[in-house]
Amino acid sequence: MTPWEMLAVFAAGAGAGAVNTVVGSGSLITFPVLLATGMPPVTAAVSNTLGVIPGSISGAIGYRTELSGQSRRILKMSVGALLGGLTGATLLLALPATAFEKIVPALVGLALVLVILQPRISKSVRRRRERTGGSARPDGGPLLFTGLTLASVYGGYFPAAQGIIYMSLMGVLLDETLQRLNAVKNILVAVVNAVAALFFLFSADFDWTAVVLIAAGSAFGGPFGAKVGRRLSPAVLRILIVAVGTAAIVQLLRH
């Protein structure tokens, strides 16, 4: 890489760290930059997954207050994230490099629909529980576990917008504020990225220069994203999720 390319990759890593903490889809910043340096797509995807781990961890730490009281829920969900992330990483190396270009836009589009409809769906669910005398399961039950595991397969395969899918699923099936769900999302993303990265270390080609630059940038951007994200109202956070998700679809369709 030239010095200017290295600077661009570092800046992209910082932006991705901040965006991943608040919303997800930070890889839509780093991935195109890596491709612009001439890196092959699969190598770029693998290097990106390895590089964003520090940002995921620092972002989760930045949301540690919102994680209070959610340890049992997080532990159960992390099992699904681990299994799904490993499966997705395996698929990335086994399937053609162009396969995600057809699958990912549809998944992100579905996630955005769920985010937009989440307040109405949640209100309908609460009214039904009031009529029947039921209550929400603290872990979302088998439906949420299955959904998050499948979303983690997607995240292990191509990490962009996995946070949006997590937020849409949890927003519909859990009675929690968006900020507390965002904290859980950061943990799950960190688990998926970590298990995928561990798999890639032993089975894939990656660029260490890119990994180090993205890691340094994302570690810097993660805490900044946590500070900004905590101050956002639920409505603003939802709008931001939809905006980033829409940009994700456009970017993937143009790739």
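The values are calculated or read from the model by the stated rules, or taken from the named source; none is laboratory data. In this text the structure is predicted, and so the values were computed from the model without any measurement. Here the Cβ is made from the backbone with ideal geometry for all residues, glycine too, and neighbour counts use every protein chain on show. These area figures cover heavy atoms from the full protein model, side chains too; ligands, DNA and RNA do not enter into them. Shrake-Rupley method; radii C 1.70, N 1.55, O 1.52, S 1.80 Å.
Things to note:
- The distance from the alpha carbon centre of the stretch 60-96 to that of the stretch 192-214 is 17 Å, rounded to a whole number.
- Lys123-Thr146 FRET efficiency (beta carbon distance; Förster radius 25 Å; 0.05 resolution): 0.60
- Computed on the Cα atoms alone, the convex hull of the chain gives a volume of 108 cubic angstrom per residue.
- Inter-label distance for Ile116 and Ala243, nm, one decimal - labels placed 7 Å from Cα along Cα-to-Cβ: 1.7
- A Förster distance of 30 Å, applied to the separation of the beta-carbon atoms of Val79 and Ser203, puts the FRET efficiency at 0.85.
- Hydrodynamic radius of the stretch 142-255 per Kirkwood, over alpha carbon pairs, in Å: 15.6
- Considering helices alone, the calculated mean residue ellipticity of the chain at 222 nm is -27500 deg cm²/dmol, with DSSP H runs of length four and up weighted by -39500 (n - 2.57) and normalised per residue.
- Solvent exposure of the chain as accessible area per residue, Å², 1.4 Å probe: 45
- Percent carbon-and-sulfur accessible area, the chain, ignoring ligands, DNA and RNA, probe 1.4 Å: 69
- Between helix 178-203 and the chain there is an angle of about 40 degrees, using the helix long axis and the longest principal axis of the Cα atoms.
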